[in-house]
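Visitor: First the structure, which I've put down as structure tokens, then a few questions once you've had a look.
The values are calculated or read from the model by the stated rules, or taken from the named source; none is laboratory data. Fair warning: this is a prediction, and the values are worked out from it, not measured in the lab. Every residue, glycine among them, receives a Cβ derived from its backbone with ideal geometry; neighbour counts consider all protein chains shown. In case anyone asks, the SASA skips ligands and DNA or RNA and just uses the protein heavy atoms, side chains included. Shrake-Rupley method; radii C 1.70, N 1.55, O 1.52, S 1.80 Å.
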Amino acid sequence: MTKGNATELLVGLDIGTSKVVCLIGQRRSAESDIEIIGMGQYPSKGLKKGVVVNIEATVQAVERAVEQAELMAGCQVHSVFTSVAGSHIKGVNSHGIVAIRESEVTQPDIDRVMDAAQAVAIPADRKVLHVLPQEFLVDEQEGIRDPLGMSGVRLEAKVHLVTCAANAGLNIEKCVRQCGLDVAHIILDQIASGCAILTEDEKELGVCLLDIGGGTTDIAVFAGGAVRHTTVIPIAGDQVTNDLAMALRTPTECAEEIKIHSGCALKTMTVADELVEVPGVGDRPAKTLLRQALAEVIGPRFEELFYLVLSELKRKGFEDLLAAGIALTGGSAKMEGVVELAEEVFKMPVRLCYPQAVTGPLEVIRNPVYATAVGLLLYGQEKRADFRSDRERINHFRSMLQRVQSWVKGRL
Ligand SMILES: Nc1ncnc2c1ncn2[C@@H]1O[C@H](COP(=O)(O)OP(=O)(O)OP(=O)(O)O)[C@@H](O)[C@H]1O
Ligand SMILES: [Mg+2]
């Protein structure tokens with residue numbers, strides 16, 4: 001990417017089922033929040049339920065979104081942080097154990113234990129996306145976040161391992177590369193969204209993030225400051241639109257418009273005699289119907305989705321661990337009545353969440369639609385910092401080596 005100080009620019013590319021969004025973020029100083037200086041968006045026609053099904057259409061949408069963002073920011077994008085979703089995603093908890101080489105834990109010990117934790121049988125058609133540390137144990141001591149420098153003989157790591165179908169990841173990469181861009185990292189949708197919308201307190205207390213988009217509902221459970229569970233349900237806003245199109249016998253585009261402008265997920269929140277106009281199919285005349293009738297179609301779909309999520313939480317034993325309740329985001333979470341309906345089903349506090357910790361256009365930072373894209377910027381910023389500290393470590397090691405070499409030379 002070219003413009004001013006190249007290292008301080010980050011690009012997030014959310015390739016969703018409904019839209020492709022490209023955000024360009026800039027940090028003026030190490031302490032300041034990321035400022036969004038470029039934004040581009042284009043309707044996505046090449047994905048179904050979070051998975052690329054048409055490379056050409058996806059490439060076109062990515063190109064358009066990136067061009068718009070470049071134009072706004074006045075720079076050229078070379079490398080992006082992008083995301084992946086779909087029901088092929090699998091999250092499992094795993095753990096690894098190694099002997100501590102010297103008497104205290106060093107970075108190579110941590111690297112080895114993280115490698116050991118991902119040494120599980122992964123089929124050849126799957127790829128590891130994330131190895132997210134949950135906690136470390138040194139000998140009998142549990143609950144350690146950073147074991148570096150601790151004394152002991154045995155180091156254990158508990159991690160959450162996320163894998164995806166290798167081809168799904170490759171297709172995303174292929175689309176991005178065909179636009180002449182590099183992929184800096186592929187990040188799971190809900191991990192990115194979590195970076196943008198959750199507070200440290202929520203992640204500590206226990207929270208279930210639900211990103212309800214167009215094609216998928218992405219779930220992530222956080223507790224004790226770490227990711228405990230991730231999964232994807234292939235039901236989201238597109239199904240609501242399809243249900244409406246069938247029930248109202250109207251084209252999908254009209255159903256989508258009616259849903260966005262007049263939809264409501266809870267019948268009790270609609271006014272008794274409120275009317276909505278529905279365009280007819282072909283040359284049939286338009287008709288009017290009660291808004292309550294819309295809620296009767298929309299409500300059960302969201303209810304079904306929430307009961308699926310609830311049974312997943314019960315199955316995994318998280319239901320009673322979510323002191324901070326449910327954090328809703330994604331475009332479909334904007335529907336009137338969704339928060340209230342979710343509270344009825346989950347019997348927990350439910351919060352509609354917007355991207356945090358960035359500055360920029362209000363349409364982005366006050367909008368759950370952009371949670372993943374903003375999260376990609378924040379995740380990218382963290383990754384860059386890790387990369388920088390790795391580089392510093394290597395440089396530190398090199399300079400030590402050089403000092404030792406010159407000392408040895410001086411003695412000869
Ligand atoms: N105001 C609104 N009320 C209700 N639904 C809305 C509203 N705005 C957007 N939506 C719905 O949100 C969905 C798109 O959400 P989003 O942009 O988060 O999806 P996406 O990220 O492209 O898809 P996915 O994450 O599933 O791959 C669409 O189904 C759209 O109809
Ligand atoms: Mg999305």
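Visitor: Do you know which of the residues in segment 38-55 that are of a type outside the set (Ser, Thr, Tyr) and open to solvent by less than 40 Å² (accessible area, probe 1.4 Å) is nearest to ligand 1 (Cβ to nearest atom)?
Guide: Our first condition is that a residue be of a type outside the set (Ser, Thr, Tyr); within segment 38-55, this holds for 38-41, 43, 45-55.
Add one more test, that the residue is open to solvent by less than 40 Å² (accessible area, probe 1.4 Å), and what stays is 38-40, 46-47, 50, 52.
Values: Gly38: 19, Met39: 14, Gly40: 14, Gly46: 11, Leu47: 6, Gly50: 4, Val52: 11 Å.
Filtering segment 38-55 for residues that are of a type outside the set (Ser, Thr, Tyr) and open to solvent by less than 40 Å² (accessible area, probe 1.4 Å), the one nearest to ligand 1 (Cβ to nearest atom) comes out as Gly50.
Visitor: Looking at the structure I just gave you, is Ala236 within 16 Å of ligand 2 (Cβ to nearest atom), open to solvent by less than 30 Å² (accessible area, probe 1.4 Å) and either in contact with a Gly (Cβ under 6 Å, 6 or more places away or on another chain) or not hydrophobic (A, V, I, L, M, F, W, C) (or both)? So that I can check it myself, show each step before the final result.
Guide: Values: within 16 Å of ligand 2 (Cβ to nearest atom): yes; open to solvent by less than 30 Å² (accessible area, probe 1.4 Å): yes; either in contact with a Gly (Cβ under 6 Å, 6 or more places away or on another chain) or not hydrophobic (A, V, I, L, M, F, W, C) (or both): yes.
Taking the combined requirement at face value, the residue satisfies it.
Visitor: I've got another one for you. Quick check, is Val297 modelled with pLDDT of 95 or more and either crowded, with 16+ Cβ neighbours inside 10 Å or within 15 Å of ligand 1 (Cβ to nearest atom) (or both)?
Guide: The answer is yes for Val297.
Visitor: Determine, yes or no, whether Glu63 is loosely packed, with under 15 Cβ neighbours inside 10 Å and not assigned by TED's automatic domain parsing to the domain that holds Pro123. Walk me through how you get there before you give the answer.
Guide: Values: loosely packed, with under 15 Cβ neighbours inside 10 Å: no; not assigned by TED's automatic domain parsing to the domain that holds Pro123: yes.
Considered against the rule, which asks whether it is loosely packed, with under 15 Cβ neighbours inside 10 Å and not assigned by TED's automatic domain parsing to the domain that holds Pro123, Glu63 comes out as no.
Visitor: Next up: Go through segment 197-228 and report how many residues are crowded, with 20+ Cβ neighbours inside 10 Å and assigned to a strand (DSSP E or B).
Guide: Count: 15.
Visitor: Filter segment 146-170 down to residues that are under 23 Å from the mean Cα position of the chain (by Cα) and open to solvent by 40 Å² or more (accessible area, probe 1.4 Å) and give me whichever is farthest from Arg126 (Cα to Cα).
Guide: Let us first name the residues in segment 146-170 that are under 23 Å from the mean Cα position of the chain (by Cα), namely 158-170.
In the following step, the residues that additionally are open to solvent by 40 Å² or more (accessible area, probe 1.4 Å) were identified as 158, 167, 170.
Working: Lys158: 21, Asn167: 8, Leu170: 11 Å.
In this case the residue turns out to be Lys158.
Visitor: If you take just the strands (runs of 3 or more DSSP E) that sit entirely in segment 233-339, which of them hold at least 2 residues that are under 30 Å from Glu200 (Cα atoms)?
Guide: Strands (runs of 3 or more DSSP E) meeting the threshold: 326-329.
Visitor: Quick one: in segment 360-371, which of the residues that are under 24 Å from Ser29 (Cα atoms) and under 15 Å from the mean Cα position of the chain (by Cα) is surrounded by the most Cβ atoms within 10 Å (Cβ to Cβ)?
Guide: Result: Ala371.
Visitor: Moving on. Restricting the search to segment 140-197, which residues are closer than 30 Å to Ile100 by Cα and of a type in the set (Lys, Arg)?
Guide: Answer for segment 140-197, where residues must be closer than 30 Å to Ile100 by Cα and of a type in the set (Lys, Arg): Arg145, Arg154, Lys158.
Visitor: Further question: When the residues of segment 332-354 are filtered to those that are in contact with a Pro (Cβ under 9 Å, 6 or more places away or on another chain) and over 21 Å from Leu313 (Cα atoms), which remaining residue is most open to solvent (accessible area, probe 1.4 Å)?
Guide: In this case the residue turns out to be Lys334.
Visitor: Do you know which of the residues in segment 187-219 that are of a type in the set (Val, Ile, Thr) and away from ligand 1 (no atom under 14 Å from the Cβ) is farthest from Phe318 (Cα to Cα)?
Guide: Thr199
Visitor: List pairs: first in segment 332-351 and in contact (Cβ under 8 Å) with a residue 24 or more places away in the chain, second among the acidic types (Asp, Glu), Cβ under 7 Å, 6+ apart or cross-chain?
Guide: Every condition considered, the pairs that remain are Leu341/Glu303; Val345/Glu303; Val350/Glu343.
Visitor: Looking at segment 213-230, which of its residues are touching a strand residue (DSSP E or B) at 6+ places or on another chain (Cβ under 7 Å) and within 16 Å of ligand 2 (Cβ to nearest atom)?
Guide: Matches in segment 213-230: Gly215, Thr216, Thr217, Asp218, Ile219, Ala220, Thr230.
Visitor: Of the numbered conditions (1) open to solvent by 10 Å² or more (accessible area, probe 1.4 Å); (2) within 16 Å of ligand 2 (Cβ to nearest atom); (3) in contact with a helix residue (DSSP H, G or I) (Cβ under 7 Å, 6 or more places away or on another chain), Ala357 satisfies every one except a single condition; which is it?
Guide: Ala357 satisfies all of (1) open to solvent by 10 Å² or more (accessible area, probe 1.4 Å); (2) within 16 Å of ligand 2 (Cβ to nearest atom); (3) in contact with a helix residue (DSSP H, G or I) (Cβ under 7 Å, 6 or more places away or on another chain) except (2).
Visitor: A further question on this structure: Check Asp386 against each of (1) assigned to a helix (DSSP H, G or I); (2) at pLDDT 95 or above and name the one condition it does not meet.
Guide: Failed condition: (2).
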